[in-house]
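Following: one structure in structure tokens, then a few remarks.
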């Protein structure tokens, strides 16, 4: 009898548990049609006059438990949060117009960008590429050639050139205002009327004469010919834009920044010349094509050709102080220091490290020998094979 009673009680208990699980599944949030679950419960219910809520969803044959009370605070918070999220979506969908990007505030109608601006003032190029700007940016073919020559290597100059190349690759073809010079968009060098370099001010006469004596390389001529064509054929570049007096400028690096770079290189060359050890002849530039990124020659010949210029300050480096350039030697030095391990991080001629600081503790005899070797006044005699120590 006890065995049969225990089996009956166990079966009744299991059936009761199954029934409770079925009820919880039917009454739970997963019950009903999936189309009804897409909307919140606050939108599907109807409020009665006494403040209680009456549910209009299909019960599927199961009587719903009546709501004990209405909680207006929770519903108001939910609706407020939903409105806040929708307002945030609407703000993100609106076109962004930053300060200084209004229709009437623009640097020029057509901007011919020199390689010096692409390398050292890339922030200005990004500003012109933003939505809402009206400048037409023309990239000369010689500027692209300069970027290809400068982006080889690991120096900071090569890194800047690669960054400019990536920006142009992303913008040209997708942004209609960022254009590349056409093959026939140039004025022959012989057809350009240049001003005399000797009519400059007295303060600028020595530098102008030096630039005049240095001549005009082929890359300078190609840049000036492109900018002169844009000045003479502004209507062709602007197209249907009805602008009475269009402003066409050549964007170059400021003369003060270029002069600071020249002074820095001259100072480094003087330090090398003062070394007592014979050294190779110092190079005036750390990179072979570095003069192409200075903008000095471009600004000089643009002024002589009557091309308006617009100067910009370089972008301050993140790791170097503002107004200073990070040289290739600094990059190589940092790479060597970061690549050294803990086992060979000491210089060859330096004193030995004290005991307890290294990974492996040296014996006292080895430490004494290293101290003797580090002192140049003492002579260490090496015994030959078979020789006895006296």
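The values are calculated or read from the model by the stated rules, or taken from the named source; none is laboratory data. These numbers come from a predicted model, not from an experiment. With ideal geometry, Cβ positions are generated from the backbone for all residues, glycine too; neighbour counts draw on all protein chains shown.
At pLDDT 80 or above and touching a helix residue (DSSP H, G or I) at 6+ places or on another chain (Cβ under 6 Å): is that true of residue 220 in this structure? So residue 220 fits the description; yes.
Just checking, does the stretch 274-284 include any residue being within 30 Å of the chain's Cα centre (by Cα) and modelled with pLDDT of 75 or more? No, there is no match, as no residue in the stretch 274-284 is within 30 Å of the chain's Cα centre (by Cα) and modelled with pLDDT of 75 or more. When the criteria are applied in full, residue 249 fails the requirement of being assigned to a helix (DSSP H, G or I), modelled with pLDDT of 55 or more and either outside the structural domain of residue 162 (by TED's automatic domain parsing) or surrounded by 13 or more Cβ atoms within 10 Å (Cβ to Cβ) (or both). A single member of 299, 334, 306 is modelled with pLDDT of 85 or more and surrounded by fewer than 18 Cβ atoms within 10 Å (Cβ to Cβ), and it is 306. Residues that are surrounded by fewer than 19 Cβ atoms within 10 Å (Cβ to Cβ) and either within 19 Å of the chain's Cα centre (by Cα) or modelled with pLDDT of 90 or more (or both) number at least 1 in the following helices (runs of 4 or more DSSP H) confined to the stretch 79-190: 122-129, 141-150, 156-171.
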